[in-house]
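The values are calculated or read from the model by the stated rules, or taken from the named source; none is laboratory data. Because the structure is a prediction, the values reported are computed rather than measured. Every residue, glycine as well, gets a Cβ built from its backbone with ideal geometry; the counts of neighbours run over all protein chains shown. Areas reflect the complete protein model, heavy atoms only, side chains present, ligands, DNA and RNA absent. Shrake-Rupley method; radii C 1.70, N 1.55, O 1.52, S 1.80 Å.
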Amino acid sequence: MQRQQIPMRAKKDNLPANILASIRNRRKRLDAAHAEQRPRSEGTLIASYNVHKCVGNDRRFDPERTSRVIHEIDADVIALQEADTRFGERTGILDLGRLERETGLIPVPVNGMAKAHGWHGNVVLFKRGLVRDVHQINLPGLEPRGALVAELELERGGALRIIAAHFGLLRHSRAQQAKMLVELMADKREVPTILLGDLNEWRLGDRSSLHTIQSAFGPQPVAVPSFPARLPILALDRIMANRKGVVTAVEAHDTPLSRVASDHLPVKAVVNLKRMEELNTKG
């Protein structure tokens, strides 16, 4: 009996286009990570890093490894998320004294629990400068989330106002948190401001918290995948400004060490403080 040959149908891609693109481009990222390190761009380097309580993809608690990634980034200003334990006194995990000695980064001071590094796990570190003002904000939602607003005067020359935030995992909570930050910006849009942190948002469209933020910060920079660290496909971590031309060259800090130290890759960008000063003068 002759068997009837059934033509095979082409297999459809079930994965979203951004995931497929990330997988196909993985080799390029690996090659770039092993290539000679590029010279640092001119300007003020800012970064955001969810350190995942210093627990890496190997499930090992290693604050020393996390500190090495921070040293590797060499930022002038860096916002960390999940830098404290989650419950109780939210005890800080990193050795901030050693980090300051080795990198020159010092924490923006916050009020509250004495043993915590930051506010609801958010800590902002900066090099050589003064803190003009600090505000600690409880963000709404089912999970305990917060934002730290800091106005810095950097020694390199230039004022920098940043909002370091960590949004929740639930869509409804993120919507509330984004709305609160937009309301915070309502009477301060004349001040050039940088928003950075783990916004936990990968969705687009009218129901996305990114759509809400856009009303205060304008069109978003090109999305940079940062999660999961071993094969980043989701742009959960963001850096954006409420003025055009202030933030440039947003990219993930993708190195062999950063791929294992946390479930997120750090993201970093160059801030044009001269441009920011011009906008401050016009404002």
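Going by the alpha-carbon gyration tensor, a ≥ b ≥ c the square roots of its eigenvalues, is the range 204-258 rounded (a/c under 1.5) or, if a/c is not under 1.5, prolate (a/b greater than b/c) versus oblate? Spell out each step's value before the answer.
Working: a/c = 3.59, a/b = 1.52, b/c = 2.36.
Oblate, since a/c reaches 1.5 and b/c is not below a/b.
Could you give the nm distance between label points at Q220 and V191, where each point is 7 Å from its Cα heading toward the beta carbon?
With each label point 7 Å from Cα toward Cβ, the separation is 2.5 nm.
For the cross-link pairs K127/K179; K115/K179; K127/K268; K53/K127; K244/K274, which exceed 21 Å when the distance is taken from alpha carbon to alpha carbon?
Pairs exceeding the cut-off: K127/K179; K115/K179; K53/K127.
Calculate, for the range 43-281, the solvent-accessible area per residue in square angstrom, rolling a 1.4 angstrom probe over the heavy atoms of the protein chains. Write out the running numbers ahead of the final one.
Details: 10090 Å² over 239 residues.
Dividing the accessible area of the range 43-281 by its residue count gives 42 Å².
Ranked highest first by average number of other Cβ atoms within 10 Å, how do 201-207, 90-96 line up? Each step should come with its number before you reach the end.
Numbers: 201-207: 12.4, 90-96: 18.1.
Averaged packing, sorted descending, gives the order 90-96, 201-207.
Give me the number: length gained by fully extending E153 to V131, i.e. 0.36 nm times residue separation minus the C-alpha to C-alpha distance, one decimal in nm.
Working: separation 22, 0.36 × 22 = 7.92 nm, distance 0.63 nm.
Difference between extended and current length: 7.3 nm.
Over the range 43-281, with every protein chain in place, what whole percent of the accessible area is carbon and sulfur at 1.4 Å, could you tell me?
On the way: 5410 of 10090 Å².
The value for the range 43-281 is 54 percent carbon and sulfur by accessible area.
How would the range 130-283 be classified by its alpha-carbon gyration tensor: rounded, prolate or oblate, with rounded meaning a/c under 1.5 and the a/b versus b/c comparison settling the rest? Before the final figure, lay out the partial values.
Values: a/c = 1.64, a/b = 1.21, b/c = 1.35.
It is oblate, given that a/c is not under 1.5 and a/b is not larger than b/c.
Could you order peptides 192-199, 131-138 by the average number of other Cβ atoms within 10 Å of their residues, highest first?
On the way: 192-199: 25.5, 131-138: 13.9.
For the peptides 192-199, 131-138, the packing ranking is 192-199, 131-138.
Kindly state, to the nearest 0.05, the FRET efficiency for N57 paired with T91, given R0 = 22 Å and r defined as their beta-carbon distance.
0.45
Using a 7 Å offset from the Cα along the Cα-to-Cβ direction at both K179 and D206, what is the distance between the two label points in nm, to one decimal?
About 1.6 nm separates the two model spin labels.
For the residue pair H172 and E102, what label-to-label distance in nm results when each label sits 7 Å from Cα along the Cα-to-beta-carbon direction?
4.4 nm
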